[in-house]
Each structure stands twice: as C-alpha cells, then as structure tokens.
1. Considering only segment 124-136, I want to know if a residue exists there that is within 20 Å of E103 (Cβ to Cβ), assigned to a loop (DSSP other than H, G, I, E, B), assigned by TED's automatic domain parsing to the domain that holds I98 and in contact (Cβ under 8 Å) with a residue 40 or more places away in the chain.
2. In segment 109-122, how many residues are under 13 Å from the mean Cα position of the chain (by Cα) and surrounded by 12 or more Cβ atoms within 10 Å (Cβ to Cβ)?
3. What's the number of the only condition in (1) farther than 22 Å from L92 by Cα; (2) surrounded by 15 or more Cβ atoms within 10 Å (Cβ to Cβ) that F134 fails to meet?
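The values are calculated or read from the model by the stated rules, or taken from the named source; none is laboratory data. No experiment lies behind these values; they were computed from the predicted model shown. Here Cβ is always computed from backbone atoms with ideal geometry, including for glycine, and neighbour counts include all displayed protein chains.
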Amino acid sequence: MIELLSNNKEFVIRGLLESVFLLATFYYIFIKTNIKQYVKNKKNFLFVYIFFIILFFVQIIDRFQYNYPQNLDFYPFMRFAMYQAAAEPVELISYRFIVENLEGEIREINLTNIYSSIGLPSLSSRFDYLIRNFPTTKNEILVWTNSLKYFVLENDIKITVQKIEIIEKKVQYKNLVEVLIEN
C-alpha cells in the first residue's frame, strides 16, 4: 500500500481531507450531542467506541479497493468503492453479442431485453466475470450464445461474442466465440 500511495499522491491528500471531515463528524456526534451520555449509560459502551475507532481507521487507510486481488479485506468496515477513484490506468472492458446476416450486415443483440427476468445487475456481473476470465469460461459463453439462436432472423448466419476494450481512447473488438446458425 505504501508503494501505491507514493505513486498516487492525490490519494494521500484526499485521505487527509476525508480524515479531518470524519474526525469533525465523530467529534460532533459524541461530544456535541447527547449520544455520548446515552452510550456511556449502557453496559457495552466500550464496544461502541471500539466500533467507531475501527470504522474511522479503515475509512482512512482503505484506499485501493479496485486493486485485485486484495491482500487484506476490511469487510464490513470498508469504504464505499463506488465513490473511490481508481489508480491509473483504468481498465475499460465490456462485451457485445453481434449477429451477421447473409449480406454481411451486422447488428447487436441486446441481452438485457431478452433475459430481463434474470435481473440486469446479476446479468451484467456474470458477463463481466465471463469476459474477464476467458478462455476458461468459454463453455459457458457458448451456452449463452447458443441460446440466442432462437432470437435471430431468417437470413442470419452467425452470432459472435466480442470483448470490447477501450485503451487510450481507442475501441478494440476481439472475437471470443462464434456460433454458426443453421437455417
């Protein structure tokens, strides 16, 4: 973590600013309100203080949730990753299913319209996993691609799953799996 912090000085500054804000917030909660008196009157007041100390400590030091694999996990005290900036370079990867017809025209198949009953977050998470772990996940991608044969038009000849990578503002497509359609 020290190496990452030395390479990303903006995270140190953000951490310090957030720490000041957190300290002020906790100070206000415990000193300026009657919560301190309420907690002190309970048997387990020490555990409440320990909880907030751990929460505060983790909020300050847990800066790199997007780096995998994690050496240390602070669950359930971790920061909210959706608000965390990632260290450069950011890896932008997605996928798409395309269908080619006899004339060579290509169109995309929107899986979310076809399989909306699965739930969009779980569908998106599953395909992100499948694309990132290709070729070990090739068989499952083939199963999904074969299931799309029922949604093609009469003159379609092929369904292809493509990995999309955006590297230095350039979009690159890589064919992962192709399934021929027999009409």
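1. Within segment 124-136, the first condition is being within 20 Å of E103 (Cβ to Cβ), and the residues that meet it are none.
Within segment 124-136, none of the residues are within 20 Å of E103 (Cβ to Cβ), assigned to a loop (DSSP other than H, G, I, E, B), assigned by TED's automatic domain parsing to the domain that holds I98 and in contact (Cβ under 8 Å) with a residue 40 or more places away in the chain.
2. 0
3. Failing condition for F134: (1).
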